[in-house]
Amino acid sequence: MAMIIVESSLLEPLSVDDVVNHLRLSSADEEPEIEAWIVSARDMAESELSGPLINTKGDQFSMVPKQGFPLFLEWARPQPPEFVRYRDQNGWHDFTDYEFVVIGYEGRIEPRSCWPDGVEIQVRYTAGFGVYDSDVPPSIKQWMKLQIGSFSEFREASVVGNVSSVPFTDRLISRFKMVKI
């Protein structure tokens with residue numbers, strides 16, 4: 001299965017000022033590094049939560065599922081597909097005989113009758129919490145800030161001495177995780 005990003009937002013869930021305030025810095029002297037930390041924390045959150053935080057449009061390519069099985073969408077929190085098409089020996093064709101189903105944060109495409117005879121399916125859809133940085137839940141932003149705090153504190157790949165994690169950190173985002181059924 002491959003996901004190709006077609007259109008993404010330039011917004012980040014956190015601003016440099018959010019991070020400066022969280023880290024209790026007097027100024028944004030390290031702005032390029034803080035911006036990199038924000039991108040890294042967003043990447044970590046999107047990996048943990050199986051999809052983009054701010055609405056992103058993508059094309060999912062996968063093999064045609066076996067008859068009787070749905071096509072599970074790669075990204076969590078999907079919106080209805082812009083289109084579904086399949087490829088056979090004659091090229092690409094629209095496929096409209098399906099239902100879009102979301103259970104929890106997981107989306108899938110279910111054929112009403114059967115999958116077409118083809119080799120590959122393409123689904124274009126948008127996923128995310130919304131179009132604005134303010135649409136990202138506060139607990140996810142807090143989780144990102146805690147990750148950035150670790151980036152700031154531990155700037156090397158290894159640490160000498162004892163390091164322990166904050167026990168509640170992952171619970172901030174656990175309710176937003178996609179659970180595969």
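The values are calculated or read from the model by the stated rules, or taken from the named source; none is laboratory data. Fair warning: this is a prediction, and the values are worked out from it, not measured in the lab. Cβ atoms come from the backbone with ideal geometry, glycine included; neighbour counts cover every protein chain shown.
Here is how the numbers come out for the structure above:
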| quantity | calculated |
| --- | --- |
| Output for segment 75-91, where each listed residue is farther than 29 Å from ILE54 by Cβ and either surrounded by 14 or more Cβ atoms within 10 Å (Cβ to Cβ) or in contact with a strand residue (DSSP E or B) (Cβ under 7 Å, 6 or more places away or on another chain) (or both) | TYR86, ARG87 |
| Residue identified as at pLDDT below 95 and of a type in the set (D, E, K, R) among ASP94, ASP135, ASP117 | ASP117 |
| Filter result for ILE121 (surrounded by 10 or more Cβ atoms within 10 Å (Cβ to Cβ), within 23 Å of VAL16 (Cβ to Cβ) and touching a Pro at 6+ places or on another chain (Cβ under 9 Å)) | no |
| From ARG42, ARG24, residue being at positive phi and either in the same structural domain as PRO138 (by TED's automatic domain parsing) or surrounded by fewer than 17 Cβ atoms within 10 Å (Cβ to Cβ) (or both) | ARG24 |
| Qualifying position, being without any contact (Cβ under 8 Å) to a residue 24 or more places away in the chain and not assigned by TED's automatic domain parsing to the domain that holds SER139, among PHE83, PHE69 | PHE69 |
| Residues that are under 18 Å from ASP43 (Cβ atoms) and among the β-branched types (Val, Ile, Thr), drawn from segment 1-18 | ILE4, ILE5, VAL16 |
| Filter result (closer than 13 Å to LYS145 by Cα, more than 25 Å from the chain's Cα centre (by Cα) and in contact (Cβ under 8 Å) with a residue 12 or more places away in the chain) within segment 21-52 | LEU23 |
| Members of segment 108-118 found to be exposed (fewer than 15 other Cβ atoms within 10 Å of the Cβ) and either among the charged types (D, E, K, R) or touching a Ser or Thr at 6+ places or on another chain (Cβ under 7 Å) (or both), listed by number | GLU110, ARG112, ASP117 |
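This table checks each residue for (1) under 16 Å from TRP143 (Cα atoms); (2) aliphatic (A, V, I, L, M).
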residue: MET3; (1), (2): no, yes
residue: LEU10; (1), (2): no, yes
residue: SER15; (1), (2): yes, no
residue: HIS22; (1), (2): yes, no
residue: TRP37; (1), (2): yes, no
residue: ARG42; (1), (2): yes, no
residue: LEU73; (1), (2): no, yes
residue: GLN79; (1), (2): no, no
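Yes/no per residue for (1) assigned to a loop (DSSP other than H, G, I, E, B); (2) in contact with an Asp or Glu (Cβ under 6 Å, 6 or more places away or on another chain); (3) farther than 23 Å from LYS177 by Cα; (4) free of Cβ contacts under 8 Å to residues at least 60 places away in the same chain:
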site	(1), (2), (3), (4)
CYS114	yes, no, yes, yes
GLY118	yes, yes, yes, yes
TYR125	no, no, no, no
PHE129	yes, yes, no, no
ILE140	no, no, no, no
TRP143	no, no, no, no
GLN147	no, no, no, no
VAL160	yes, no, yes, yes
